Amino acid sequence: MEWLFLPLGLALTYALASLKVLNQYERGVLFILGKYKETRGPGLSIVPLGFARMKTVSLRIVAIDIPQQDVITRDNISVKVNGVLYMRVAEPSLAVMEIQDYMFATGQLAQTTLLSVLGQVELDELLADRKKVNDLLRQIIDERTDFWGVEISAVEIKDVLLPETMRRAIGRQAEAERERRAKVINAQGELQASATLAEAAKILQSQPASIQLRYLQTVTEIAAENNSTTIFPLPIDILQAFMPKQAPLAAQPAAQIPETSALPSSTNAGALPAPVPAHQLPQFQIAPEKKPDRK
């Protein structure tokens, strides 16, 4: 009887060793004598010990960290970029038979794809439209890993480190942009205010009494600040009644120029005078010089 317990014990041990339990998130790729047999789902499975082997694959999403990479963008700016990749196994049989280590291969593929894709985009696009870059990375990596039975859920760029000089340049650009927006908003406000003031002036002009009411409102605002001087604005039309009236300037006759006897009447304006005859010139007598007496 003791010889019977030994084979039964061995058979029971062999049967227990051939039992495999798979969790809900796991799948088992079964190989019998080296050949692919099937992919088994969760639960209790019998794998004959020594004749069959089952490779367990998890179907949960796995996050793979993409280490920091030195990237030169399309506009020749050197930046350091790191990211994260989210993946899951969609086809366990391909993930086991087509590639040796699908997680390592997917991580290496993500690094090389990150370098090639970011080298084709500019820095402004990388900073402003990061979602577009992430979608492009996910699409390229997913096409390459589809033959491995791996599905890429998402690729996210975590951080972009810029050189210090580039940070200062971007800061100056942002400051200039804010100043430009402030000036534009200020100009638009002045334009709207001038249009409103012009419309208000038209309304006040149509009702003269409203101008007096506006004057009184201004005086009330000035007096509310406890000022010692009160200014009363008055229109120019009221002050004109107290100004002396000036007679218009009368046209004065032009002064007559006396006639010169030296000029004959026949002389025209602007012409040279006629020569005077010699007998009409004044006569001058020269007295003889007296010589001293020599005695």
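Read the figures in this text as sums done on the coordinates, not as results from a lab. Just so it is clear, the structure is predicted and the values come from calculations on it, not from any experiment. Don't worry about glycine lacking a Cβ; one is built from the backbone with ideal geometry, like all the others, and counts go over all protein chains shown.
A few notes on this one:
- Charge dipole of segment 167-208 about the Cα centre (unit charges at C-beta), most positive-ward option of Ile203, Ile170, Asn186: Ile170
- Cross-link partners of Lys55 among aspartates and glutamates, defined as those whose alpha carbon lies under 18 angstrom from its own and excluding same-chain residues fewer than eight positions apart: Glu26, Glu38, Glu91, Glu98, Asp101.
- Projected label distance in nm at Asp101 and Ile32, using a 7 Å step from Cα toward the beta-carbon: 3.2
- Projecting label points 7 angstrom from Cα along Cα→Cβ for Leu10 and Val84 puts them 5.4 nm apart.
- Extreme residue, positive dipole direction of segment 28-158, given options Gln111, Val79, Ile61 (C-beta unit charges): Ile61
- By the count of neighbouring beta-carbon atoms within 10 Å, fewest first, Met166, Met87 end up ordered Met166, Met87.
- Converting phi to 3J(HN,Hα) with the Karplus coefficients 6.51, -1.76 and 1.60 and the offset θ = phi - 60°, segment 82-91 yields 10, x, 9, 10, 10, 9, 8, 8, 8, 10 Hz in sequence order, with x at every glycine or proline.
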